[in-house]
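Written out below as structure tokens is the structure these notes cover.
All of the numbers you see were taken from the coordinates with simple rules; none came from a lab. What you see is a predicted model, and the numbers here were worked out from it, not measured in a lab. Heads up, the Cβs are rebuilt from the backbone with ideal geometry, glycines too, and the neighbour counts pull from every protein chain shown.
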């Protein structure tokens with residue numbers, strides 16, 4: 001059976017803007033994990049939660065709980081060893097795109113808030129025909145171009161469009177990219193975008209960015225779900241506690257299991 005995966009990269013690197021603030025950059029993101037594991041199984045219950053990580057984050061808070069959740073098959077952890085570059089490590093979340101048994105990959109940031117409207121937008125992309133290789137969401141003034149953290153891919157179509165059979169091959173196409181500069185992963189995607197923009201669906205929800213996608217829509221279909229759809233804009237980072245409280249309040253089997261793993 002083909003797989004559908006929501007994929008994250010979780011690591012610590014000295015080039016991160018959070019290194020000086022937190023001492024260990026990964027600490028900024030560990031606070032989001034209890035919220036993330038709850039929200040994923042509400043928003044994406046049939047999808048695999050997969051996290052690619054480095055060695056450094058295994059020593060941070062909540063890692064024991066993550067291992068317990070892995071043992072219960074609520075998520076998948078892939079240890080990538082050392083995070084050698086800042087955004088080269090961010091590209092780890094695209095690894096499953098090149099696995100033959102994976103149908104769709106949704107790439108998101110560890111510190112973004114999963115919400116039902118995100119799933120509905122991706123389902124609109126899935127409903128398109130197989131020509132469509134990529135899906136991009138713009139939901140804030142800062143959003144433009146191909147966003148690494150609001151990207152979804154129909155894997156076989158994307159591999160065909162970019163003519164690459166591995167992440168290493170894809171990354172090798174980058175020209176003059178400093179992988180220790182924030183946003184380098186998106187620099188690569190936008191350098192390569194002429195290969196797949198004519199096969200891309202764009203949700204342009206905030207303003208007109210001029211991205212020449214093949215299909216652009218300005219609304220997400222379906223009923224607005226309060227309060228979950230009001231937690232943040234898509235791809236946004238905010239205080240995780242309100243989202244944690246909402247998702248933790250739901251009487252779901254997975255939440256009871258998560259709490260047991262956290263003891």
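Points to keep in mind about this one:
- Gap separating the Cα centres of the stretch 118-171 and the stretch 199-263, nearest whole Å: 17 Å
- For the chain, the antiparallel share of DSSP beta bridges with both residues in that region comes to about 25%.
- Stretch gain in nm, segment residue 260-residue 80, where the contour uses 0.36 nm per residue and the Cα spacing is subtracted: 62.1 nm
- Length-normalised contact order of the chain in % [C-alpha pairs under 8 Å, at least 6 apart]: 24 percent
- Here 97, 162, 253 are placed in order of increasing Cβ neighbour count within 10 Å, fewest first, which gives 253, 162, 97.
- Overall form of the stretch 105-263 per C-alpha gyration tensor (a/c, 1.5; a/b vs b/c): prolate
- Residue list for the stretch 116-151, given a label point 7 angstrom along the Cα-to-Cβ vector of residue 219 and an amide N cut-off under 20 Å: 116-128, 136-140
- Model label sites at residue 127 and residue 253, defined 7 Å from Cα along the beta-carbon direction, differ in position by 2.9 nm.
- Distance (nanometres) between label positions extended 7 Å along Cα→Cβ at residue 46 and residue 237: 3.3 nm
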